[in-house]
Structures are given as structure tokens and as C-alpha cells.
Amino acid sequence: MLMGTAERRKAPEDGGAAGSAAPSGPEEPDRDIATAEPDAPARERPERSKQSDRSDRREARERQSAYRPLWVEEPARRRRLPDPVRTAAVRAVLVVAVTLIMAMVAFLCTLAGSWLAFPMVIGSVTGTVVATWGVLDVWVTRQVWNQRHGVVSMPSSTARAMRRERRRARRQARSAERTRERIRRRGGAGQLSHS
């Protein structure tokens, strides 16, 4: 007859089961007690540390989810283009894109034998000229901006003179502010009276 594990545990009247569960000698219980007592707190300790680790991790996760930003800003690999150069670049990209679309439409209309092929070919040729001008405009705008604002290593650069003028204007503004401050501190004692 087959017995389940619960029935086997409940049946102590079996001699084999009872005999195997009983201690075999007097020394074994002492050894078990001696080893069980120091191990009991050691077993509890890792469980407590595991629980505290779990709670710490849970709290850290909650804190992170509460104050987590939508995105993380990374430093740019390259500096941002100056505004006039960026405007020219956007304009050139748009013109090149429209020109490519017109060329593709002209090719497909030619394959289909449509009357729209001729105007599209004319438009794509015109667009090619305008796109070339747009790309050159980006290059020229960048060179002009560097010449006026950025590049000081070249002798022909106008940036040196502009920076010198800005420095001179700042120096004059500072000296005028110092003079005003000096007059204010004196309280107008050096002024002539009109009596």
C-alpha cells in the first residue's frame, strides 16, 4: 500500500521509521547541541543582513525612481555651430532634399512616360544649381564668421581688432564707474557751490 509523505510522518508506530529518526548514540545529541548553539545566531545574522540589504536596495530604487531625470545631459563632442552658419546649413539641407525628390520624380515620370517628366527635369536642374549655391553659402558663411569672431591665429583676422575694441570699451566703462563711485563716496564735497 502506498503512503503519502504526510502519512509517513504521522505514523511513528513503524519500527523502521522510528528507529531511523532516533539518535544512534549518546555523543551525537551533545555534538548536535554544541554545533547548533553557535550556528543559530550565525544563521539568523545572514538572514537579517539579507533582509536589510533588500530593504536598502528597495529604498534606493524608490529614491532613484522618485528623483530620476527624464534624460541625462552629456557634454557635446563638438561645439555648437554659430547661428548664421547653422541657418545656412539648414537651408542647404532643405534645398538638397527638395532637389533629390524632384530628380527622383523626374526619373519615375520619364519611366512612366508622363507629361510631368519635362517640367521635373527642368526643376531638378534648377534645384541642382540652387543646392550648389546653398552648400557654398554654408562654407562662405562659416569662413566669414570665423574671420570676424573666432580665428585669431591668422594675421589677416579681424577678430583681434574687434576684441581690442571690446577690451578698450570695457576698460573705459570700468574707469567711468570707478569715477562715479569715487564722487558718490565723497558725497559731492569737491563740487563748487553756486552761492
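Some observations on this one:
- Accessible area of region 65-114 belonging to carbon and sulfur atoms, whole % at 1.4 Å probe: 65
- Between residue 177 and residue 107, the distance separating the two model label sites (each 7 Å from Cα on the Cα→Cβ line) works out to 6.2 nm.
- Region 60-130 shape via C-alpha gyration tensor axes, a/c threshold 1.5: oblate
- Accessible surface of residue 74 - all protein chains present, 1.4 Å probe, nearest 10 Å²: 150
The values are calculated or read from the model by the stated rules, or taken from the named source; none is laboratory data. Because the structure is predicted, anything quoted here is derived from the model rather than measured. Positions of Cβ are backbone-derived with ideal geometry, glycine not excepted, and every protein chain shown enters the neighbour counts. Side chains are part of the model used for accessible areas, which takes the heavy atoms of the whole protein and leaves out ligands, DNA and RNA. Shrake-Rupley method; radii C 1.70, N 1.55, O 1.52, S 1.80 Å.
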